[in-house]
1. Against the conditions (1) within 14 Å of chain B (Cβ to nearest Cβ); (2) surrounded by fewer than 20 Cβ atoms within 10 Å (Cβ to Cβ); (3) under 14 Å from A:V36 (Cα atoms), where does A:T200 fall short? Just the number, please.
2. Please work out which residue is farthest from B:S10 (Cα to Cα), limiting yourself to the range A:184-212 and to residues that are β-branched (V, I, T) and in contact (Cβ under 8 Å) with a residue 60 or more places away in the chain.
3. Please go through (1) in a strand (DSSP E or B); (2) within 12 Å of another protein chain (Cβ to nearest Cβ) for A:T221 and return the number of the only condition it doesn't satisfy.
4. Could you check A:K254 against (1) within 14 Å of chain B (Cβ to nearest Cβ); (2) farther than 27 Å from A:Y74 by Cα; (3) surrounded by fewer than 19 Cβ atoms within 10 Å (Cβ to Cβ) and say which number it fails?
5. Hey, among the residues in the range A:177-190 that are over 19 Å from A:D131 (Cα atoms) and surrounded by fewer than 19 Cβ atoms within 10 Å (Cβ to Cβ), which one's nearest to the other protein chains (Cβ to nearest Cβ)?
6. Going through the range A:229-248 one residue at a time, which ones are of a type in the set (V, I, T) and surrounded by 22 or more Cβ atoms within 10 Å (Cβ to Cβ)?
7. Among A:D87, A:D31, A:D131, which is the only one that is touching a residue at least 24 places away in the same chain (Cβ under 8 Å), within 10 Å of chain B (Cβ to nearest Cβ) and either touching a strand residue (DSSP E or B) at 6+ places or on another chain (Cβ under 8 Å) or buried (at least 20 other Cβ atoms within 10 Å of the Cβ) (or both)?
8. Of all residues being in contact with a Lys or Arg (Cβ under 6 Å, 6 or more places away or on another chain) and outside any loop (DSSP other than H, G, I, E, B) in the range A:36-59, which is farthest from the other protein chains (Cβ to nearest Cβ)? Just the residue, please.
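The values are calculated or read from the model by the stated rules, or taken from the named source; none is laboratory data. The structure presented is a predicted model; accordingly, all values stated were derived computationally and were not measured. Here the Cβ positions follow ideal geometry from the backbone for every residue, glycine too, while neighbour counts run over all protein chains shown.
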Amino acid sequence: MLKLLVQILSSFCWCGVYLLVLSPGLGRAQDKPYFVTYSQDLEEPGNLEVETKTALAKPDGGHRYGALATELEYGMRGWWTTELYLDGQATGQDSTLFTGFRIENRVRPLMSEHFINPVLYVEYENTSGADKTILEVVGHDGQADLAGPNGELRKEHQHEAELKLILSSNVKDWNISENFISEKNLGHEPWEFGYAVGATRPLASAASVRPCTFCAEKFITGVEGYGGLGNTDSLTMHATSHYIAPVLGWQLPKGVRVSFSPGFGLTGSSLARVYRAGLAYEFEQVGGWFHGGAE
Amino acid sequence: MAGDAEAPASGAQVYRDHCLKCHKARAQGDGHKRPALRSERIRNASDGDIEWFLRQGDLGHGMPSWSSLPEAQRWQLVAYLRSIQ
């Protein structure tokens, strides 16, 4: 257990060190501290955000594990963001392994701001059954899927397409987001459905006069909930997993953002608890590095 | 924000965190896609117009929507932009 925690925490810390050392100057990361829910925020054109998302949990009948998703998010246009995820995990008394990758694109179809802002999300996922990052919950996903030995789980290959409709509003300093998820294993598996909803707000609205690290406006807090909604063969809430998770984000100097979230399972199929931590840094105007100036 | 003497200074922090990289330290822009913010157009716009534009953005031309910023910070930014004209 101790060895597992050390592995996960050391990879997390080294990511932070790399990000700080490699940072060319001021950076900025403004995303909400959600781990599963998406808001309308897209990456700014030309910017690259690197983020790690760690999930720590223990399924019933299985060993404790830590899963790490490393996310590279690039702003192609003001209305289009593309992302690559690289996933891995380490399970106590078992092994550490790379579990696959995901490529996703998010597009805002409406160019102007509305009360509810839709974003369309398309993802291709090539992961093994040993992936434990829980970046979404769909169908009848449950803790039993996470409890097996890595040697068995990794034999299952998941080539999946995922579509999300993201609806998001910024109202009176609150962000309220709802995601409707449908996922299809590209083999002969049924469509699976899920949801994620969240609300966040900064602790203070106005900015301070001087630069500061611990001012209230640097903290964003809120809550998210997510779960499965069955599949086309069994469109029922029976044996589905659901979670409620407070979230906290802290904007540090030099554009580093950290986030934390303890998640609590609400049904028998859910993990009892999932602890998540995130670390993000935004490299600004990456395209300009290769063109001798800002893009 | 009209009566808040500290609003331009607070707005300068918001500018530094969110706008500086594109519009540059003296708000001179990059002479290309990112326009200067010390301009006739800004001087002639009302505070409400500027705040509206910050909230809307111009996604088609690379300007993000800043609706995700708290409203108070958008108005502080407006005060800062006014102060540098």
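1. (2)
2. Among those residues, the one meeting the criterion is A:V197.
3. Of the numbered conditions (1) in a strand (DSSP E or B); (2) within 12 Å of another protein chain (Cβ to nearest Cβ), the odd one out for A:T221 is (2).
4. So A:K254 meets the others, but not (2).
5. A:E178
6. The answer is A:T240, A:V247.
7. So the residue among A:D87, A:D31, A:D131 that is touching a residue at least 24 places away in the same chain (Cβ under 8 Å), within 10 Å of chain B (Cβ to nearest Cβ) and either touching a strand residue (DSSP E or B) at 6+ places or on another chain (Cβ under 8 Å) or buried (at least 20 other Cβ atoms within 10 Å of the Cβ) (or both) is A:D31.
8. Per the stated criteria, the residue is A:A55.
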